[in-house]
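Reviewing the structure listed below.
The values are calculated or read from the model by the stated rules, or taken from the named source; none is laboratory data. None of these values were measured; they are calculated from a predicted model. As a convention, Cβ positions derive from the backbone with ideal geometry for all residues, glycine included, and neighbour counts pool all protein chains shown.
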Amino acid sequence: MTKHTMVLALAASLMASTALAGDVRMMWYSDGVEGEVMKDLVARFKAENPGINLILDEVAYKVVQEQLQIQLEAGQGPDIARVTNIKTLAPHWLDLTPHLADPAYWRTNFGAHADWMRVDGSDAITGFMTQLTLTGGFANATLFEQAGVALPGKGATWDDWVNASAEVAKSQGTAAAFAIDRSGHRMTGPNVSYGANYIGADGKPAPVDAGTKAFAEKLVGWVAGGQMLKDTWVAASGSTYRAAADDFINAQIPFYYSGSWQIANLSTKIGDGFDWVATGSPCGTAGCSGLAGGAALVAVKYTANPTEVAKVMEFFAREEIVKEFSERTLFLPAHAGVAAKGGLNWQTADKNVGAALDVFVAASADILPAAAALPAWKWASPVYGALVNRISQVMAGELKLDEAFAKIDSDIAEQVAAAK
């Protein structure tokens, strides 16, 4: 065990310890400024509820992805967690229904995404989405302008964007033309845009199809040709997530494919360094689809204090709290009432932000059915993990593409078999 692994394990074990009466531990990770917002909201909760000691455990996203599942499978973990691997871990979430003062409020305002957070066939209320997200691109408008290259317009393909960005990279001497986060989730919108469908007729994972192969071949080719930053994918192993946000923030790439959750991060770190725009998702042969998703705040069924957990969840699910959290974090709200009323007052002076949020809202209309089905599909995370692991091995020269496709199928089949 490495020293780093030991530190992670120690942190996980500390957070997994049994809560004292009245204690509620919330495991929380941040993409941008939401951690600071949560500290403020937690303080207000504690002022309203002096009998509940709410403890905010801020951790790296990697801890949530790699340590939380281990804790849960041991019947341990925090009382509440913010997670993105929502469906796969659904058997571990607590049904809050008997502990809530008004379950109808939750069904009305969060019901549209409730299936993302519970076991198939269940009507449990396990939590709520802290925000909705959509994958999509960002362009450094200043670099494009300095290079004299026009930003590709609506309907532009992946080839159009990569070729235009390569012109900018050559003109401005950037490290590469673009990068896409090291994530099978991030690959999926593009895969679907080329016709991929992960879900077989029986509801189980389908074999790697022509759509997935088409985009994977392009991605590997762009790494080999130097258009895409190689290190983003090959400097990590397995299904480890690695974002390329810092490369975009440091103006090392003119085009970056990630998602709406990056808006606050880009605004905070870029400031007035350069102008940037959201682009939506480039098009493939089947459409121009991103992948919807988000992070959920869920209750863990191993808690010793379900009544207190429910009170915490009710506070953060209140309409005025959701609205404030969304405005301050620059996240799209997943609360039906907040979304219907609109009029969110985004807390930013950055002229790039409002327009970027508008682009993502408009791009939600381009989500293809094969992508829309994935957030509530329990096999999505295993597929994402297999994709990123094997495709990165091709980029590193460890596998051929055909070998990778075969291994992706076998990796997924092993996980399906193990789940039985």
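Can you say whether Glu414 is surrounded by fewer than 15 Cβ atoms within 10 Å (Cβ to Cβ), acidic (Asp, Glu) and within 22 Å of Ala224 (Cα to Cα), as far as the supplied structure shows? Against the criterion (surrounded by fewer than 15 Cβ atoms within 10 Å (Cβ to Cβ), acidic (Asp, Glu) and within 22 Å of Ala224 (Cα to Cα)), Glu414 does not qualify. Taking the criterion of being within 23 Å of the chain's Cα centre (by Cα) and either at positive phi or crowded, with 17+ Cβ neighbours inside 10 Å (or both), the residues of the range 91-121 that qualify are His92, Trp93, Leu94, Trp106, Asn109, Phe110, His113, Ala114, Asp115, Trp116, Met117, Arg118.
Listed here are the residues, each with its yes/no results for (1) of a type in the set (Phe, Trp, Tyr); (2) within 30 Å of Ala310 (Cα to Cα); (3) out of contact with any Lys or Arg (no Cβ under 9 Å at 6 or more places or on another chain).
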site: Ala124; (1), (2), (3): no, yes, no
site: Phe128; (1), (2), (3): yes, yes, yes
site: Gln131; (1), (2), (3): no, yes, yes
site: Phe138; (1), (2), (3): yes, no, yes
site: Gln146; (1), (2), (3): no, no, yes
site: Lys154; (1), (2), (3): no, no, yes
site: Trp158; (1), (2), (3): yes, no, no
site: Trp161; (1), (2), (3): yes, no, yes
site: Gly173; (1), (2), (3): no, no, yes
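Within the set Thr84, Thr88, the sole residue that is of a type in the set (Ser, Thr, Tyr), crowded, with 17+ Cβ neighbours inside 10 Å and either modelled with pLDDT of 95 or more or touching a helix residue (DSSP H, G or I) at 6+ places or on another chain (Cβ under 7 Å) (or both) turns out to be Thr88.
In this structure, does Thr142 turn out to be outside any loop (DSSP other than H, G, I, E, B), hydroxyl-bearing (Ser, Thr, Tyr) and assigned by TED's automatic domain parsing to the domain that holds Ile249? Against the criterion (outside any loop (DSSP other than H, G, I, E, B), hydroxyl-bearing (Ser, Thr, Tyr) and assigned by TED's automatic domain parsing to the domain that holds Ile249), Thr142 qualifies. Does Tyr256 meet the test of being among the aromatic types (Phe, Trp, Tyr) and part of a loop (DSSP other than H, G, I, E, B)? Taking the combined requirement at face value, the residue does not satisfy it. Looking only at residues in the range 349-403 that are of a type in the set (D, E, K, R) and in contact with a Ser or Thr (Cβ under 8 Å, 6 or more places away or on another chain), which one is modelled with the lowest pLDDT? Step by step, filter the range 349-403, then rank; the result is Lys378. Filtering Gln69, Gln131 for residues that are modelled with pLDDT under 95, surrounded by fewer than 18 Cβ atoms within 10 Å (Cβ to Cβ) and not acidic (Asp, Glu) leaves a single hit, Gln69.
A search for C-beta distances below 7 Å between a residue of the range 194-205 that is surrounded by 12 or more Cβ atoms within 10 Å (Cβ to Cβ) and any residue that is part of a strand (DSSP E or B) and at pLDDT 95 or above, counting only pairs 6+ apart in sequence or on different chains, returns Tyr198/Pro205.
Just to verify a result, which residue in the range 1-57, among those that are in a strand (DSSP E or B) and of a type in the set (Asp, Glu), is modelled with the lowest pLDDT? The residue in question is Asp23. The single residue among Leu374, Leu344 that is buried (at least 20 other Cβ atoms within 10 Å of the Cβ) and assigned to a loop (DSSP other than H, G, I, E, B) turns out to be Leu374.
Out of Gly271, Gly290, Gly294, one residue alone is crowded, with 21+ Cβ neighbours inside 10 Å and on the phi > 0 side of the Ramachandran plot. It is Gly294. For Val383, the stated conditions hold: it is β-branched (Val, Ile, Thr), touching a helix residue (DSSP H, G or I) at 6+ places or on another chain (Cβ under 7 Å) and closer than 26 Å to Gly287 by Cβ. Just checking, does the range 382-398 include any residue being in a helix (DSSP H, G or I) and either surrounded by fewer than 18 Cβ atoms within 10 Å (Cβ to Cβ) or not assigned by TED's automatic domain parsing to the domain that holds Gly259 (or both)? No - not one qualifying residue is present in the range 382-398. Checking the range 310-317 against the condition returns no match, with no residue being farther than 24 Å from Lys87 by Cα, buried (at least 20 other Cβ atoms within 10 Å of the Cβ) and aliphatic (A, V, I, L, M).
Considering the range 259-278 alone, what residues qualify as being outside any strand (DSSP E or B) and among the small types (Gly, Ala, Ser)? Within the range 259-278, Ser260, Ala264, Ser267, Gly271, Gly273 qualify.
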